[in-house]
Amino acid sequence: LVNNAGIGTPVAAEDEPVAEFARVVDVNLTSLFALSQLAGRQMIAQGHGSIINIAS
């Protein structure tokens, strides 16, 4: 699994709506956790696998 999804917004933190920040967290963090959890279960079952996280 290669976790490489990520979004950002070109808005200053003090101007960022909470709903938009929540969307960024969902894409950048929650999706990484959920997919790693699913893939991890399969990797454990088959006895091998790798998870690579890419961030900037």
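The values are calculated or read from the model by the stated rules, or taken from the named source; none is laboratory data. Treat the numbers as computed from the prediction; the structure is a model and nothing was measured. In this analysis, Cβ positions are derived from the backbone assuming ideal geometry, glycine residues included, and neighbour counts consider all displayed protein chains.
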Looking only at segment 2-24, decide whether some residue is surrounded by 11 or more Cβ atoms within 10 Å (Cβ to Cβ), modelled with pLDDT of 95 or more, out of contact with any His (no Cβ under 9 Å at 6 or more places or on another chain) and among the hydroxyl-bearing types (Ser, Thr, Tyr). no
If residue 55 satisfies all but one of (1) of a type in the set (A, V, I, L, M, F, W, C); (2) modelled with pLDDT under 95; (3) surrounded by 10 or more Cβ atoms within 10 Å (Cβ to Cβ), what's the number of the condition it fails? (3)
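Can you work out which of the residues in segment 25-42 that are more than 13 Å from residue 5 (Cα to Cα) and not hydrophobic (A, V, I, L, M, F, W, C) is surrounded by the most Cβ atoms within 10 Å (Cβ to Cβ)?
Kept after step one, since they are more than 13 Å from residue 5 (Cα to Cα), are these residues of segment 25-42: 37-42.
Of the ones still in play, those that are also not hydrophobic (A, V, I, L, M, F, W, C) are 37, 40-42.
On the way: 37: 9, 40: 13, 41: 11, 42: 10.
Within segment 25-42, the match that is surrounded by the most Cβ atoms within 10 Å (Cβ to Cβ) is 40.
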If you scan segment 6-56, which residues turn out to be assigned to a helix (DSSP H, G or I), in contact (Cβ under 8 Å) with a residue 12 or more places away in the chain and under 12 Å from the mean Cα position of the chain (by Cα)? 23, 24, 27, 28, 31, 32, 35, 36
